[in-house]
1. Tell me what the chain gives for mean residue ellipticity at 222 nm when only DSSP H runs of n ≥ 4 count, each as -39,500 (n - 2.57), the sum divided by the residue total, rounded to 500 deg cm²/dmol.
2. Can you list the lysines whose alpha carbon sits under 17 Å from that of Lys535, skipping same-chain ones fewer than 8 residues off?
3. Using Cα centres only, tell me the gap between the stretch 216-241 and the stretch 103-134 in whole Å.
4. Once you put a point 7 Å from the Cα of Arg195 and another 7 Å from the Cα of Gln501, both along the Cβ direction, what distance in nm separates them?
5. Mind checking which helices in the chain clear 24 Å along their axis (Cα) and have mean Kyte-Doolittle hydropathy of 0.0 or more, DSSP H runs only?
6. Using the 10 angstrom Cβ neighbour count as an exposure proxy, how do Val525, Val389 rank, fewest first?
7. Which of the three applies to the stretch 167-315, rounded, prolate or oblate, going by the alpha-carbon gyration tensor with a ≥ b ≥ c and a/c under 1.5 meaning rounded?
8. What does a probe at Asp524 reach in the stretch 252-266, counting residues whose amide N is under 18 Å from the point 7 Å along Cα→Cβ?
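Bear in mind that the values in this text are calculations on the coordinates, not laboratory data. Given the structure is predicted, the values throughout are model-derived calculations rather than measurements. Cβ atoms come from the backbone with ideal geometry, glycine included; neighbour counts cover every protein chain shown.
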Amino acid sequence: MKPLNKLFTFLVFAVLMTVMVACKDSSEDASTKPKKTSDEGTPITFTVFDSDANNDWENMESPIGKKITEDTGVTLDPEFDIDGGQTKIPLMVASGEYPDLITSKGASQLVEAGALIDLAPLIEEHAPNIKKMLGDEIDRLKWSKEDPSIYVLPNTAIDHQPMTPGFAALVQHDVVRELGYPEMKTLEDLENALREYAEKHPEIDGQPTIPLTLQTDGWRFQASTLNSGFMFTGASDDGEYYIDPETYEATLHYRRPEEKEVFKWYNHMNAEGLLDPESFVQKEDQWLAKMSSGRVLATIAPDYMIYDAQNALRDAGKLERMYGFYPITLSEEFKHHAYQSNGFQVGWGIGITVDCEDPVRAIKFLDYLVSEETQIMLNWGIEGVHHEVVDGKRVIPEEEWEKRRNDKDYLKKTGIGYNFQRFAPRYGDGALDSTGQTFTVNTRELAIEGLTDVEKEVLKNYGVELWKDLYPSADDFPVKPWGAAYNLAIPAGSKLEVANQRMLDITFKRIPEAILADPNEFDDVWKKYMDDLDKAGVEEAEEEFSKIVKDTVELWSE
């Protein structure tokens, strides 16, 4: 190295060390400075950073937003992110300046930086509704064996029994209807149906028919196409790792031999001309536009990715072009694990930062969101406005149901739904309130009522009433003692975190190459992929993550 380069390196290192020390000092000062507590009910604004986008945010001008402010005096000033906080949270840590509240998808970096306060004493003294909701599950919130503090309140659902499967091969109703409702259990079944229908209908509404398209834009690539590797081969969602249910050993899930066969099937579909050639270059809005047009016969995705397209097709009167949810697997030897319970999920959620000047008021606000009355309001709306009580039972009038089903801006106009539920734990579908009624409107009966006539026809021909009935139920599987592995805390800046990112970068490069390769070259590309993972330290990463999983099971079992 030349002397000038050495000098430059030294100066850069010195500047970085100065910044790190300054940030550390800032965090320590912030965590020890006295906090003020405002009077409950007086106006206060909390700044919030949310790691998820939210197109329905209503600036607390909806009926529910105004009622929340009226009840609590709290106004939220949120910033919603589109990349999961991957860029902005590190910038906060570097500056040492934080909003009052942060929702994160894994808080390791924030905890390591001393950005979040311990919520345990606040919950104990000021949050009876949170204590009631979490019960014994509150032990799962402990950060680690070494640090039993509670830094994050999960914003996941308690006792959740979703009416809609969380992951599926999404297939147009008209495909199965025209083909006489063929068996739809395996990738071979799916391929046969798509090929036969596309041959009969090379165009839909004057546009070329697309048998199968994939969602590959950013993180959505993981949540849909990449996750299909384990979803189609009898595993549940644990992020990038497969956890052996007996030994708790972690394996980067792409290294499972059965998953290679899933991606080989995608390669085969591409070679057969059944895969959208734009799959790996299209952006989210382009994918959504295709799905909303009615010319895509199928895609692979979690339920939430398809909602806007389903609504657009419904609004356009193309009910036969809407999508059904099928538990497709590689072969019939595998069970689809979409409904396996994680138990109470932890790790992702909301924390109160060291810069919040009134943490007591903040925890009381979160406790308000969790209360039975508020939970009912966030799901059913305001009594007399969005629902009525008849003979002690909540009832949504038919005209209001029509708005819920058909008005794409309903959540924004009313404040109902995930607008405010995203900031605290919540009761899930099937959970009962003190009167024995469900907290959410997603009861089985109402879910059936909300189906279109075309959906009802399709489901009847498959011998079920709801899409969930096609899937193995939660009772078919044990509750996972490690929860959801993608929620487990990985030390910020650790070798494991670095290795995970490196392996993900490799995956984002190699799997598209493998899918688009000539079938004769697939095995060679896959071998390069596995070799790249070996060089990136996959075995060491698996060993380290296995320890985290085992430590978590031990901690939660105490």
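1. Details: 22 runs with 235 residues, N = 558.
For the chain, the value works out to -12500 deg cm²/dmol.
2. Here the lysines satisfying the reach criterion relative to Lys535 are Lys495, Lys509, Lys527.
3. For the stretch 216-241 versus the stretch 103-134, the Cα centre distance is 29 Å.
4. With each label point 7 Å from Cα toward Cβ, the separation is 4.4 nm.
5. Values: long enough: 3-32 (44 Å, 0.81); 495-516 (32 Å, 0.04); 538-557 (28 Å, -0.50).
Helices passing the filter in the chain: 3-32, 495-516.
6. Numbers: Val525 19, Val389 12.
Taking fewest neighbouring Cβ atoms as first place, the list is Val389, Val525.
7. Details: a/c = 1.95, a/b = 1.60, b/c = 1.22.
Prolate is the answer for the stretch 167-315, as a/c is 1.5 or above and a/b outweighs b/c.
8. Counting only backbone N, you get 264.
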